[in-house]
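Down below is the structure, laid out as structure tokens.
The values are calculated or read from the model by the stated rules, or taken from the named source; none is laboratory data. Values in this document were obtained by computation on a predicted structure and should not be read as measured data. Note that each Cβ is placed from the backbone with ideal geometry, even for glycine, and that neighbours are counted across all protein chains shown.
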Amino acid sequence: MRTITLLLDGIGDRVYKELCSRGYCGMMTPLFPGVELGTELAHFLMFGYKLDEYPGRAIIDCIGENKKILDNEIVLRTSWANVSCEEGFFLNERFVEELDKEDGIKLSQNLVKDIDGYKFRWEHSYDSHGFLFIEGNNLSANVSDSDPFYNNQFVMKVEEFEDDSFEARKTAEIINKFLVKASKSLDESLVNSDRISKGLAPANFLLTKWSGKMKTLESFYKKNGMKSAIIGKSNLLKGLAKLLKMEYFEEGNFKKAIETAISMEGFDYIHVHTKLPDQASHKKDPFEKVRVIEEIDKEIEPILNFKEGLIVVTGDHTTPSFGKCIHAGDDVPIMFIGERLRTDDVMEYGERTCTKGSFKINGEDFMPMILNFSNRTKLFHLRAGKKRRLYTPKEVNPLKDV
Ligand SMILES: [Zn+2]
């Protein structure tokens, strides 16, 4: 039995009347009430993984862009920024404008390559964004960001993050040394003298954030017992798919993605992702968000013909379409539709209506709910193999005559 999830990134509104009358509805808290998550962690938890397994956002971004990460490396997200030096580095622009790949590579040639025996290398990502790889033994990814995330603030000192180990303190120390040296050497770059002559702000700081270290994680198949795929158009989701060994198919058109999911025999779980509601919210225009959701409402029509499996409609987090918040910690509406599944009195998909629905769950309950509604569960006390599984395994380790 196939499950198709329609994941409306950053959702929050109404509609889907046709589906709702057949649905079993409720609300889902991504992590804890009031805690604001990014897309990758919200998905990571929904896919059945625990917080302590999370390898860091830079890793997921990096894998999504097909970059190679060594076992003894940590990776940080970076951006070429503009600062004024006054008792610290005062941040004017977190990402300088009009900086292409070639400029980034030239700027990176001015960066120091070695500090205390640790090797530093930089790779371009897009526009003024990139990755900083630090190679060496005993590095820790448990370090804080230098990027304060908002302009007109001071660049932050990198500190050990919730980890008092020697490794975390040492890693923070070498990153701080690197950042100060980098800033001085960037002043000498020809890219910057050229930018100044054109009236552009010089890229005189390399901001860092979201440190991560590669982890070998159990595959989605092993974790949840389902052959799975993500359909979408996002390097982040692609990175997550690769990390969790899910198939990834790129399709930016939501309607086509749904049609593809319906045609995909042989898969047990298909996650159809659209970034459109989230993008509309980030424009901070509620009317644009309404327009996008109405558009999605038309595009989901093909799913009405999918009768043989389980349909899930939900979001990963809330993205308010006004105010300063990036995302918000509110719960999100969720709806399950399947043959013989319970239904309830909720007739519209939305926060106000689904709050009056049948259940309230957390992100980590998402996969167990799907296993249950797609009839894959097994009794909790049964022991099939070394580890407790919530699903009936398709393969077992057979006993052989020795
Ligand atoms: Zn998201």
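In region 300-309, is there at least one residue being within 16 Å of the ligand (Cβ to nearest atom), touching a residue at least 24 places away in the same chain (Cβ under 8 Å) and out of contact with any helix residue (DSSP H, G or I) (no Cβ under 6 Å at 6 or more places or on another chain)?
Within region 300-309, not a single residue is within 16 Å of the ligand (Cβ to nearest atom), touching a residue at least 24 places away in the same chain (Cβ under 8 Å) and out of contact with any helix residue (DSSP H, G or I) (no Cβ under 6 Å at 6 or more places or on another chain).
Among the residues of region 67-84, write down those that are surrounded by fewer than 24 Cβ atoms within 10 Å (Cβ to Cβ) and under 20 Å from residue 238 (Cβ atoms).
Those that are surrounded by fewer than 24 Cβ atoms within 10 Å (Cβ to Cβ) and under 20 Å from residue 238 (Cβ atoms): 67, 68, 69, 77.
Report, by residue number, each residue of region 311-326 that is more than 15 Å from the ligand (Cβ to nearest atom) and either modelled with pLDDT under 85 or over 24 Å from the mean Cα position of the chain (by Cα) (or both).
Answer for region 311-326, where residues must be more than 15 Å from the ligand (Cβ to nearest atom) and either modelled with pLDDT under 85 or over 24 Å from the mean Cα position of the chain (by Cα) (or both): 322, 323, 324.
Pick from 88, 48, 10: which is on the phi > 0 side of the Ramachandran plot, of a type in the set (Gly, Ala, Ser) and surrounded by fewer than 19 Cβ atoms within 10 Å (Cβ to Cβ)?
Only one candidate qualifies: 88.
Looking only at strands (runs of 3 or more DSSP E) that lie completely in region 301-402, which have at least 1 residues being among the hydroxyl-bearing types (Ser, Thr, Tyr) and crowded, with 18+ Cβ neighbours inside 10 Å?
Values: elements: 310-314, 332-337, 359-362.
The strands (runs of 3 or more DSSP E) meeting that bar are 310-314.
Hey, residue 298 hits all of (1) buried (at least 21 other Cβ atoms within 10 Å of the Cβ); (2) within 24 Å of residue 308 (Cα to Cα); (3) at pLDDT below 95 but one; which does it fall short on?
The single condition residue 298 does not satisfy is (1).
Could you identify the single residue in 252, 266 that is among the small types (Gly, Ala, Ser) and over 18 Å from residue 309 (Cβ atoms)?
So the residue among 252, 266 that is among the small types (Gly, Ala, Ser) and over 18 Å from residue 309 (Cβ atoms) is 252.
All but one of (1) modelled with pLDDT of 95 or more; (2) part of a loop (DSSP other than H, G, I, E, B); (3) of a type in the set (S, T, N, Q) hold for residue 208; state the number of the condition that does not hold.
Status for residue 208: all satisfied but (2).
Restricting to region 33-66, give me the number of residues that are small (Gly, Ala, Ser) and farther than 15 Å from residue 239 by Cα.
Matching residues across region 33-66 total 2.
Mind checking whether some residue in region 128-146 is within 18 Å of residue 78 (Cβ to Cβ), of a type in the set (Asp, Glu) and touching a residue at least 24 places away in the same chain (Cβ under 8 Å)?
Checked against the condition, which is being within 18 Å of residue 78 (Cβ to Cβ), of a type in the set (Asp, Glu) and touching a residue at least 24 places away in the same chain (Cβ under 8 Å), region 128-146 yields at least one hit.
Any idea which of (1) within 16 Å of the ligand (Cβ to nearest atom); (2) not in a helix (DSSP H, G or I) is the one residue 289 doesn't satisfy?
(2)
Can you pull out every residue in region 166-190 that is part of a loop (DSSP other than H, G, I, E, B) and in contact (Cβ under 8 Å) with a residue 40 or more places away in the chain?
Of everything in region 166-190, those that are part of a loop (DSSP other than H, G, I, E, B) and in contact (Cβ under 8 Å) with a residue 40 or more places away in the chain turn out to be 188, 189.
Filter region 263-279 for residues that are farther than 10 Å from residue 9 by Cβ and either buried (at least 20 other Cβ atoms within 10 Å of the Cβ) or modelled with pLDDT under 90 (or both) and give the result.
Scanning region 263-279 gives 268, 269, 270, 271, 272.
Scan region 113-128 for residues that are surrounded by 14 or more Cβ atoms within 10 Å (Cβ to Cβ), on the phi < 0 side of the Ramachandran plot and assigned to a loop (DSSP other than H, G, I, E, B) and report the count.
Result for region 113-128: 1.
How many of the residues making up region 51-66 are crowded, with 16+ Cβ neighbours inside 10 Å, within 23 Å of residue 389 (Cβ to Cβ) and touching a residue at least 40 places away in the same chain (Cβ under 8 Å)?
Count: 1.
Would you kindly identify the helices (runs of 4 or more DSSP H) lying entirely within region 1-104 that contain at least 3 residues that are within 16 Å of the ligand (Cβ to nearest atom)?
Qualifying helices (runs of 4 or more DSSP H): 39-46, 57-64.
With 208, 171 as the choices, which residue is within 29 Å of the chain's Cα centre (by Cα), more than 17 Å from residue 83 (Cα to Cα) and hydroxyl-bearing (Ser, Thr, Tyr)?
Of 208, 171, the one residue that is within 29 Å of the chain's Cα centre (by Cα), more than 17 Å from residue 83 (Cα to Cα) and hydroxyl-bearing (Ser, Thr, Tyr) is 171.
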